[in-house]
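The values are calculated or read from the model by the stated rules, or taken from the named source; none is laboratory data. All of these numbers come straight from a predicted model, not from anything done at the bench. Using ideal geometry, Cβ is built from the backbone for each residue, glycine included, and neighbour counts are taken over all protein chains shown. For the accessible areas, the whole protein counts, side chains as well, though only heavy atoms, and no ligand, DNA or RNA atoms are used. Shrake-Rupley method; radii C 1.70, N 1.55, O 1.52, S 1.80 Å.
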Amino acid sequence: MSETDLIDNVIPCADVIKRAARIGAEIKNIKLSGDLPDQTIAALETLLLEHKVIFFRDQGHLDDAEQERFAACLGKLESHPMLGASKGTASILELDSARGGGRADVWHTDGTFLNAYPKIAVLRGIVIPPFGGDTVWANTAAAYLDLTPPLQRLADELWAVHSNSFDYAGMARVREVDKKHFDEVFTRTIFETEHPVVRVHPKTGERTLVLGCLVQRFVDIPKYDGQRLFDLFQSHITAPENTVRWKWNAGDVAIWDNRATQHYAVNDYGDLHRVVRRATVAGDVPVSVDGRCSVTRQKTATAPP
Ligand SMILES: O=C(O)CCC(=O)C(=O)O
Ligand SMILES: [Fe+2]
């Protein structure tokens with residue numbers, strides 16, 4: 001039986017609605033829970049690998065515990081190294097627009113300051129403003145394929161240093177509350193990790209670009225040249241045609257393959273309230289096209305404020 005038949009027996013084709021050509025599909029008629037049969041989980045994993053981000057409407061029955069029970073079917077849960085987890089949960093990270101660090105309005109792959117950064121995230125809409133607050137995902141495998149062979153070869157050879165201590169204050173729209181959170185919480189411990197710019201996806205074998213806002217510099221490339229290389233590769237990732245945009249309702253769930261995507265939470269709802277909660281599944285250490293693994297070079301514990 002082919003993989004397509006296997007999925008079709010569990011999740012009919014008609015229930016999988018593509019939301020953009022290159023990335024993103026909505027899956028209908030599934031009630032997510034920790035009790036889904038193994039074959040449904042396997043079908044969802046296959047759909048995730050194909051579409052990179054999958055969306056589910058009307059999951060208002062989930063609470064934090066059930067969100068985590070479901071996410072645990074996809075792998076081992078882990079909490080954020082600096083931000084921890086909500087009380088009573090293993091991994092739930094709440095992003096509340098009213099609080100510091102609550103607006104992820106930068107292009108990023110989660111946690112790339114670590115070598116084994118998360119592989120999957122399960123995000124649930126809790127409070128959604130009447131307008132704005134969409135999230136956009138980009139396909140980093142398709143972006144690699146957009147490069148011509150000489151640029152692919154260049155990317156294959158490059159390595160970049162990612163750190164949680166990036167130039168946050170230099171970003172757009174930084175509020176005082178975000179800056180304080182960044183200085184006092186997000187960079188309480190500073191990690192520096194060298195990743196290949198191209199990793200081989202452990203499940204699909206695809207080559208994906210590993211970049212985003214946590215990149216500080218490229219290894220053995222001067223800062224000036226590095227900025228131009230970053231802009232070149234990153235622009236292929238975030239090209240609108242390479243993305244999908246989700247308009248949230250409360251109770252929606254989005255699941256993304258963090259090894260093959262970047263995302264951006266659009267900060268266009270002013271002072272309105274927006275809350276989402278994320279369960280995070282642990283990942284493995286990236287491997288370059290020539291078989292070398294990412295490495296964390298520095299981990300500095302800074303004094304508590
Ligand atoms: O607020 C969002 O839509 C996305 C937040 C985010 O970056 C994350 O949950 O990893
Ligand atoms: Fe994120």
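When segment 255-303 is limited to residues that are of a type in the set (G, A, S) and within 28 Å of R188 (Cβ to Cβ), the one that is farthest from ligand 2 (Cβ to nearest atom) turns out to be A303. Has segment 138-153 got at least one residue that is within 16 Å of ligand 2 (Cβ to nearest atom), within 24 Å of P240 (Cα to Cα) and among the aromatic types (F, W, Y)? No. Residues in segment 225-250 that are in contact with a Gly (Cβ under 9 Å, 6 or more places away or on another chain) and either within 14 Å of ligand 1 (Cβ to nearest atom) or open to solvent by less than 10 Å² (accessible area, probe 1.4 Å) (or both): I237, T243, V244, R245, W246, K247, W248, N249, A250. With a requirement of 3 or more residues that are open to solvent by 30 Å² or more (accessible area, probe 1.4 Å), the strands (runs of 3 or more DSSP E) lying completely within segment 1-89 that satisfy it span 16-18.
Rundown of residues vs (1) aromatic (F, W, Y); (2) buried (at least 17 other Cβ atoms within 10 Å of the Cβ); (3) not in a loop (DSSP other than H, G, I, E, B), yes/no style:
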position: Y144; (1), (2), (3): yes, yes, yes
position: M171; (1), (2), (3): no, no, no
position: V177; (1), (2), (3): no, no, yes
position: K180; (1), (2), (3): no, no, yes
position: V185; (1), (2), (3): no, no, yes
position: F191; (1), (2), (3): yes, yes, yes
position: H195; (1), (2), (3): no, yes, yes
position: R199; (1), (2), (3): no, yes, yes
position: C213; (1), (2), (3): no, yes, no
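Condition check ((1) more than 21 Å from the chain's Cα centre (by Cα); (2) more than 30 Å from A143 (Cα to Cα); (3) of a type in the set (K, R)) across all residues:
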{"residue": "G34", "(1), (2), (3)": "yes, yes, no"}
{"residue": "D38", "(1), (2), (3)": "yes, yes, no"}
{"residue": "A42", "(1), (2), (3)": "no, no, no"}
{"residue": "T46", "(1), (2), (3)": "no, no, no"}
{"residue": "E50", "(1), (2), (3)": "no, no, no"}
{"residue": "I54", "(1), (2), (3)": "no, no, no"}
{"residue": "Q59", "(1), (2), (3)": "no, yes, no"}
{"residue": "G75", "(1), (2), (3)": "no, no, no"}
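D110: assigned to a loop (DSSP other than H, G, I, E, B), of a type outside the set (S, T, Y) and closer than 24 Å to L47 by Cβ, yes or no? Here the answer is yes, as D110 does meet what is asked.
The single condition among (1) at pLDDT 95 or above; (2) within 16 Å of ligand 2 (Cβ to nearest atom); (3) closer than 28 Å to Y269 by Cα that D64 does not meet is (2). Of all residues in segment 91-125, those that are surrounded by fewer than 17 Cβ atoms within 10 Å (Cβ to Cβ) and among the β-branched types (V, I, T) total 0. Here T135 clears all of (1) modelled with pLDDT under 95; (2) within 16 Å of ligand 2 (Cβ to nearest atom); (3) among the hydroxyl-bearing types (S, T, Y) except the condition numbered (1). Restricted to segment 90-99, and to residues there that are more than 21 Å from R173 (Cα to Cα) and part of a loop (DSSP other than H, G, I, E, B), the residue that is modelled with the highest pLDDT is I92. List the number of the failed condition for T109; all other conditions in (1) more than 20 Å from the chain's Cα centre (by Cα); (2) within 16 Å of ligand 1 (Cβ to nearest atom) hold. With (1) more than 20 Å from the chain's Cα centre (by Cα); (2) within 16 Å of ligand 1 (Cβ to nearest atom) applied to T109, the lone miss is (1). Quick check, is V244 within 21 Å of the chain's Cα centre (by Cα), of a type in the set (V, I, T) and closer than 25 Å to A141 by Cβ? In short, yes.
When K76, K28, K87 are checked against the criterion of being more than 14 Å from ligand 1 (Cβ to nearest atom) and within 29 Å of V161 (Cβ to Cβ), a single residue qualifies: K76.
The single condition among (1) away from ligand 2 (no atom under 16 Å from the Cβ); (2) in a loop (DSSP other than H, G, I, E, B); (3) touching a Leu at 6+ places or on another chain (Cβ under 9 Å) that G102 does not meet is (1). Output yes when any residue across segment 223-236 is within 15 Å of ligand 2 (Cβ to nearest atom) and either assigned to a helix (DSSP H, G or I) or within 16 Å of L123 (Cβ to Cβ) (or both), and no when none is. The answer is no; no qualifying residue exists.
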